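Trainee: My structure is below; once you've seen it, I'll send some questions.
Bear in mind that the values in this text are calculations on the coordinates, not laboratory data. Quantities reported herein were computed from a predicted structural model and do not represent experimental measurements. For neighbour counting, all protein chains shown are included, and Cβ atoms are generated from backbone atoms with ideal geometry for every residue, glycine included.
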Number of protein chains: 2
Amino acid sequence: MSAGIPSALLMDGTAVARRIVEQAAADAAALKAQAGVTPCLATVLVGSDPASVTYVRMKQNRSAKAGIGSRHVELPETATTAELVATLTGLSQDPEVHGILLQHPVPPHIDERAAFEAIAPEKDVDGVTMHSFAAMAFGEPGFASATPGGILRLLDAYSVDLAGRHAVIVGRSPILGKPVGMLLLARDATVTYCHSKTADLAALTRRADILVAAVGRPRFLTGDAVKAGAVVIDAGYNPGNVGDVDFPSAAEKASLITPVPGGVGPMTIAVLLEQTVAAARWQVARG
Amino acid sequence: MSAGIPSALLMDGTAVARRIVEQAAADAAALKAQAGVTPCLATVLVGSDPASVTYVRMKQNRSAKAGIGSRHVELPETATTAELVATLTGLSQDPEVHGILLQHPVPPHIDERAAFEAIAPEKDVDGVTMHSFAAMAFGEPGFASATPGGILRLLDAYSVDLAGRHAVIVGRSPILGKPVGMLLLARDATVTYCHSKTADLAALTRRADILVAAVGRPRFLTGDAVKAGAVVIDAGYNPGNVGDVDFPSAAEKASLITPVPGGVGPMTIAVLLEQTVAAARWQVARG
């Protein structure tokens with residue numbers, strides 16, 4: 001590392017996530033003791049993509065360890081949009097299910113947006129519905145998209161000032177780039193959305209106090225794209241557990257940086273579980 | 001005007017709006033001829049703020065000229081959130097009403113968001129609901145917020161390239177700043193949201209190819225804040241018909257600029273009427 005360049009501190013998502021999950025487990029136990037209700041997360045998987053199967057199992061295992069029940073529904077690869085919508089509508093109406101996760105992406109013949117919208121907003125613990133998105137943008141009650149919510153929790157755990165600072169988001173997907181920008185804007189950051197059509201991307205990313213890589217291209221952002229002292233959040237998860245950031249070169253410039261794995265990934269699941277318990281508490285309180 | 005500085009061309013919102021309203025009137029007449037249905041816009045006014053009364057009358061007059069029927073509901077200044085919600089719910093369920101406009105702002109004791117959300121998304125021709133916002137952000141079917149939608153129509157009428165260009169929005173309200181940014185992002189602009197907490201605002205606005213002033217402070221953006229050749233959109237409407245942009249100094253820098261009045265204002269009403277007719281056509285087609 002050269003003289004005068006910040007020595008990046010790792011943002012330990014695994015440790016921060018563990019504390020969130022411990023609190024969620026305690027809250028789940030309290031709900032069980034007080035109301036006799038075990039929070040239940042329904043996971044829905046269409047097809048048998050190996051990565052998706054792994055993710056769903058991981059979420060079920062983590063749920064179980066936190067004292068959260070799970071219900072699992074598998075639909076064949078050939079399921080139609082109508083069948084998936086019917087499944088999600090049924091779970092939305094089922095009083096024993098408190099949170100619903102549709103593992104995505106779904107097979108390309110399915111209308112993913114129609115499927116997401118079949119999830120009742122009060123059970124949308126993965127924060128994928130249009131209602132949840134607008135709630136994040138407007139500061140209204142609702143669930144955060146799990147990864148964006150996890151990124152905000154990680155920034156807070158490291159006491160990163162957001163107000164008035166320039167956050168640059170690279171990527172604009174409905175469940176990652178767009179909502180993380182809205183959450184940062186709601187916290188008074190100045191927010192720039194960049195994407196594949198952006199002219200001179202590096203000129204913009206080099207202005208970022210907080211740089212969020214959410215583009216889905218392995219090692220896409222290198223140290224040249226990072227301002228000295230920036231906080232770098234790598235929300236990428238590419239095959240082989242590789243992020244969207246070239247870690248070695250970016251770490252030479254950043255003041256704080258998330259590793260992959262062990263950065264944003266664990267935060268996503270932690271927020272999913274936390275929001276499942278919150279959903280159960282709210283549904284029990286409402287009666 | 002100094003040598004070498006662009007001579008700004010005015011963006012004539014009055015003329016562009018007239019063409020949109022003429023088309024809406026033709027579409028309304030066709031619907032009447034084909035299905036016997038006159039599109040109907042319901043306007044709801046709470047209290048008697050003089051500016052709001054004027055705006056509502058203007059919208060009714062323009063509707064009438066375009067062959068769009070109107071229904072007007074006035075509630076007293078003392079109306080409760082529950083009363084306003086009940087009114088809007090009733091109009092949402094009324095098959096003779098195709099579009100609903102709640103004149104805002106509403107008195108401060110009313111929960112404006114709760115009121116907006118009582119408008120059925122398929123009648124939300126002013127684009128104020130959470131559903132409409134997310135639809136704009138995600139490119140899903142839905143109505144645009146009227147002013148942001150009008151701004152996009154005006155940019156298109158002047159063949160402004162958006163893809164890859166940097167749009168800087170000053171302001172982040174739920175019905176103006178936030179949605180106009182989402183519409184520009186959906187059209188492949190790089191989008192930066194600035195606001196009252198932004199550090200060194202002028203450094204950011206001077207990078208804008210397209211600068212949208214939506215801040216609600218008279219003559220807030222001056223020529224120093226404008227890059228030579230930028231397209232400047234003034235969405236401000238402050239007392240005395242004054243925009244958010246200092247027109248003389250900004251016009252010396254801009255390549256295209258909206259006047260106030262006669263820029264964005266007429267576009268807002270045109271989009272409201274166009275969307276009312278579209279709502280009626282859609283509701284008739286659905287049966």
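Trainee: For region B:112-234, just say rounded, prolate or oblate: build the C-alpha gyration tensor, square-root its eigenvalues into a ≥ b ≥ c, call rounded for a/c under 1.5, and beyond that prolate if a/b exceeds b/c, oblate if not. Before the final figure, lay out the partial values.
Mentor: On the way: a/c = 2.24, a/b = 1.57, b/c = 1.43.
Note, shape of region B:112-234 comes out prolate.
Trainee: Work out the mean other chain Cβ neighbour count within 10 Å for the residues of A:163-174 and drop it here as an integer. If you can, show how the numbers build up before the last one.
Mentor: Details: counts 3, 6, 3, 7, 1, 2, 1, 0, 0, 7, 1, 5.
Partner-chain Cβ atoms within 10 Å, mean over residues of A:163-174: 3.
Trainee: Quick one: check the C-alpha center-to-center distance for region B:14-28 versus region A:161-232, whole angstrom.
Mentor: 40 Å
Trainee: Which of these, A:THR54, A:THR129, A:THR89, has the largest mean-square fluctuation under a Gaussian network model of chain A (Cα springs below 10 Å)?
Mentor: A:THR54
Trainee: Another question about this same structure. What is the fewest-to-most order of B:ASP27, A:ASP161, B:ASP244 by other Cβ atoms lying within 10 Å of their Cβ? Could you put the intermediate results ahead of the total?
Mentor: Values: B:ASP27 19, A:ASP161 13, B:ASP244 23.
Ascending Cβ contact count within 10 Å gives the list A:ASP161, B:ASP27, B:ASP244.
Trainee: How about region A:9-101: which GluC sites (Glu not before Pro) there lie in a loop by DSSP and see at most 15 other Cβ atoms within 10 Å?
Mentor: Values: sites: A:GLU22, A:GLU74, A:GLU77, A:GLU83, A:GLU96; in loops: A:GLU77, A:GLU96.
Counting only loop positions with at most 15 other Cβ atoms within 10 Å, the GluC sites (Glu not before Pro) in region A:9-101 are A:GLU77, A:GLU96.
Trainee: Per-residue Cβ counts within 10 Å, from other chains only, averaged over B:108-117: what number is that? Could the numbers behind the result be given before it?
Mentor: Values: counts 0, 0, 0, 0, 0, 6, 1, 0, 1, 3.
The mean count of partner-chain Cβ atoms within 10 Å per residue comes to 1.
Trainee: Order these by the 10 Å Cβ neighbour count, fewest first: B:ASP200, B:ASP188, A:ASP124. List each step's numbers first, then the result.
Mentor: Working: B:ASP200 12, B:ASP188 17, A:ASP124 27.
Result, fewest neighbours first: B:ASP200, B:ASP188, A:ASP124.
Trainee: Within 10 Å, count the other beta carbons around each residue, average over each peptide in B:212-218, B:139-145, and list them highest first. Each step should come with its number before you reach the end.
Mentor: Numbers: B:212-218: 22.7, B:139-145: 20.0.
Order by mean packing, descending: B:212-218, B:139-145.
Trainee: Using θ = phi - 60° and the Karplus curve 6.51 cos²θ - 1.76 cosθ + 1.60, what whole-Hz ³J(HN,Hα) does each residue of region A:211-223 get, with Gly and Pro shown as x?
Mentor: Karplus-based 3J(HN,Hα) across region A:211-223 equals 10, 10, 9, 9, 10, x, 10, x, 6, 5, 9, 9, x Hz.
Trainee: Right, another one. Got a sec to turn the phi values of region A:270-287 into Karplus ³J(HN,Hα) couplings, 6.51 cos²θ - 1.76 cosθ + 1.60 with θ = phi - 60°, whole Hz, x for Gly and Pro?
Mentor: Values per residue, Gly and Pro as x: 4, 5, 4, 5, 4, 6, 5, 5, 4, 4, 5, 4, 5, 5, 5, 5, 5, x Hz.
Trainee: Under the rule a/c < 1.5 gives rounded, and otherwise a/b versus b/c splits prolate from oblate, where does the protein assembly as shown land using the Cα gyration tensor?
Mentor: Details: a/c = 1.97, a/b = 1.22, b/c = 1.61.
Oblate, since a/c reaches 1.5 and b/c is not below a/b.
Trainee: Among DSSP beta bridges lying fully in chain B, give the percent that are antiparallel, nearest 5.
Mentor: Values: 1 of 30 bridges.
Percentage antiparallel, nearest 5: 5.
Trainee: Pairs of alpha-carbon atoms within less than 8 angstrom and 6+ residues apart define the contacts here; what relative contact order does region A:153-287 have, in percent? Provide the component values of the computation, followed by the final result.
Mentor: Values: 251 pairs, mean separation 25.2, N = 135.
Taking the mean separation of contacting Cα pairs over the length of region A:153-287, I get 19 percent.
Trainee: Ok, one more. Which of the three applies to region A:36-121, rounded, prolate or oblate, going by the alpha-carbon gyration tensor with a ≥ b ≥ c and a/c under 1.5 meaning rounded? Each step should come with its number before you reach the end.
Mentor: Working: a/c = 2.49, a/b = 1.32, b/c = 1.89.
Taking the square roots of the gyration eigenvalues as a ≥ b ≥ c, region A:36-121 is oblate.
Trainee: Under 11 Å from the Cβ of A:HIS195, count the other residues' Cβ atoms, weight Lys and Arg +1, Asp and Glu -1, and hand me the total. Write out the running numbers ahead of the final one.
Mentor: Working: positive: A:ARG172, A:LYS178, A:LYS197; negative: B:ASP188.
Charge balance in the 11 Å sphere: +2.
Trainee: Among B:VAL85, B:VAL128, B:VAL53, B:VAL180, what is the fewest-to-most ranking by other Cβ atoms within 10 Å? Before the final figure, lay out each step's value.
Mentor: Working: B:VAL85 18, B:VAL128 25, B:VAL53 14, B:VAL180 30.
So the residues, fewest neighbours to most, are B:VAL53, B:VAL85, B:VAL128, B:VAL180.
Trainee: Enumerate the residues in region A:93-107 having an amide nitrogen under 18 Å from the point lying 7 Å beyond the Cα of A:GLU77 toward its Cβ.
Mentor: A:103-107
Trainee: Further, regarding this structure: In peptide A:177-187, how many Cβ atoms from other protein chains are near each Cβ within 10 Å, on average?
Mentor: On the way: counts 1, 5, 1, 0, 5, 7, 0, 1, 7, 1, 1.
Whole-number average of other-chain Cβ neighbours for A:177-187 is 3.
Trainee: Quick one: which of B:LYS65/B:LYS178; A:LYS32/A:LYS65; A:LYS253/B:LYS227; B:LYS59/B:LYS123; B:LYS32/B:LYS123 span more than 20 angstrom between C-alpha atoms? Let's see the in-between values first.
Mentor: Numbers: B:LYS65/B:LYS178 31 Å; A:LYS32/A:LYS65 15 Å; A:LYS253/B:LYS227 30 Å; B:LYS59/B:LYS123 16 Å; B:LYS32/B:LYS123 18 Å.
Table pairs above 20 Å Cα-Cα are B:LYS65/B:LYS178; A:LYS253/B:LYS227.
Trainee: Moving on to the next point. With 18 Å as the cut-off, how large is the P(r) tail for region A:120-179, expressed as percent of Cα-Cα pairs?
Mentor: That fraction is 37 percent.
Trainee: What percent do you get for the relative contact order of chain A when only Cα pairs under 8 Å and 6+ apart count?
Mentor: On the way: 606 pairs, mean separation 65.9, N = 287.
Here the relative contact order equals 23 percent.
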